[in-house]
1. Condition first: free of Cβ contacts under 8 Å to residues at least 12 places away in the same chain and open to solvent by 30 Å² or more (accessible area, probe 1.4 Å). Now tell me which residues in region 117-126 satisfy that.
2. For region 134-183, which residues satisfy the criterion of being surrounded by fewer than 16 Cβ atoms within 10 Å (Cβ to Cβ), under 18 Å from residue 204 (Cβ atoms) and among the hydroxyl-bearing types (Ser, Thr, Tyr)?
3. Kindly list the number of the only condition in (1) under 30 Å from residue 223 (Cβ atoms); (2) buried (at least 18 other Cβ atoms within 10 Å of the Cβ); (3) at pLDDT 95 or above that fails for residue 105.
4. List every residue pair whose Cβ atoms sit under 9 Å apart, with the two residues 6 or more apart in sequence or on different chains, where the first one lies in region 248-261 and is over 14 Å from residue 79 (Cα atoms) and among the hydroxyl-bearing types (Ser, Thr, Tyr) and the second, anywhere, is at pLDDT below 85 and not in a helix (DSSP H, G or I).
5. Scan region 58-102 for residues that are acidic (Asp, Glu) and under 19 Å from residue 250 (Cα atoms) and jot them down.
6. Could you list, in sequence order, the residues of region 238-268 that are open to solvent by less than 50 Å² (accessible area, probe 1.4 Å), at pLDDT 85 or above and among the acidic types (Asp, Glu)?
7. Can you pull out the residues in region 192-233 that are open to solvent by 50 Å² or more (accessible area, probe 1.4 Å), in contact (Cβ under 8 Å) with a residue 40 or more places away in the chain and either assigned to a loop (DSSP other than H, G, I, E, B) or at positive phi (or both)?
8. Out of 249, 298, 270, which single residue is in contact with a Pro (Cβ under 7 Å, 6 or more places away or on another chain), more than 20 Å from residue 183 (Cβ to Cβ) and not β-branched (Val, Ile, Thr)?
Amino acid sequence: MERRQFIKQGLAGGALALGAGGTLFARRSYGRDTLSKEMVDDAMPAFQTGANKGLNALPGRAREQIYTYFHGVCLNCQGFVAHITSKAFGERISRCGSKAEKELCFNEAFVTYTDASADAILRQIDIIATDIGGELDHEWNTYCADLSVKWKTRIGGRGTGFSADELTQRMSGLVRTGLEDALQQTSANHQNTALGNTIGAIGKSAVKLLPLVKLGKVGVAIAIPAFFILAAKHCWDYSMARLDDRRGEYQTAITDRISNMAARIGTEFEKDVRQRITDLHTWQESSIRETAERVAQEKIGLL
């Protein structure tokens, strides 16, 4: 009888302990979810404002900078026009088996017979990415510093909080992980970017995730930005349709089209930069949400 009573009391005590444990677990989960949501609510308005500001200004600035560079190149295209309207180039084009091969010939000729070599184009992209990326990083660091103040206030007595530098490093580490994953994905897909294989400053590296296209045979191929190929296509289509006409008027018409090609290049570059900045904002927002969740888990313990 005593043994039976002991078992009953033990089971009752166990049930009470489980119930109490379940209540504590539920309260902890609710508290963490609530704190995480409140932290994200604190963070999002300023983040969205900053992101919109960047998207409204920076891609347009990149467009103007690349336009200025290519405008000078395209105005000085006499040697290139003379080459693509020559008999030798016409014969080379006639041996091409597809339109893609013909476009390859034009693109190779452009980077060979103008001042815009493949290396020169990539250097210009690096200059622009340094400028744009530097501003992106500055805005992000400033945002993180402001957010640290808001989150310290939100956390209140749940711990010592964290400094602006600590929060910036913490969230920037998550952003860098997103950037590394994107770079690894391009490598897995056998794609090339202007970034290469080394990630430096986050903003600059994000902008330089511009896709490149390799031109030429394996071993001697050169890589030029995809945005240039898209922008130049209409000029090459016009030129291909008139290869048998080598009159002076024809050369002048091609020269005029190439002289105006910089505007198209600027437009395509702007699209690419806008997408790169949008991707960066996606990684940043993800880092904010993940950090809020982790901090809530750290600050609200079991008891």
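The values are calculated or read from the model by the stated rules, or taken from the named source; none is laboratory data. None of the values given here were measured: they were computed from a predicted structure. With ideal geometry, Cβ positions are generated from the backbone for all residues, glycine too; neighbour counts draw on all protein chains shown. The area values use the complete protein model at the heavy-atom level, side chains included, leaving out ligands, DNA and RNA. Shrake-Rupley method; radii C 1.70, N 1.55, O 1.52, S 1.80 Å.
1. The initial filter retains those residues of region 117-126 that are free of Cβ contacts under 8 Å to residues at least 12 places away in the same chain, namely 117, 119-120, 123.
The answer is 117, 119, 123.
2. 142, 177
3. (3)
4. Partner pairs satisfying both residue conditions: 250/242.
5. Restricting attention to region 58-102, the residues satisfying the condition of being acidic (Asp, Glu) are 64, 91, 101.
91, the sole residue that qualifies.
6. The one that is open to solvent by less than 50 Å² (accessible area, probe 1.4 Å), at pLDDT 85 or above and among the acidic types (Asp, Glu): 268.
7. 201
8. On the way: 249 fails: in contact with a Pro (Cβ under 7 Å, 6 or more places away or on another chain); 298 fails: in contact with a Pro (Cβ under 7 Å, 6 or more places away or on another chain).
270 is the lone residue from the list that is in contact with a Pro (Cβ under 7 Å, 6 or more places away or on another chain), more than 20 Å from residue 183 (Cβ to Cβ) and not β-branched (Val, Ile, Thr).
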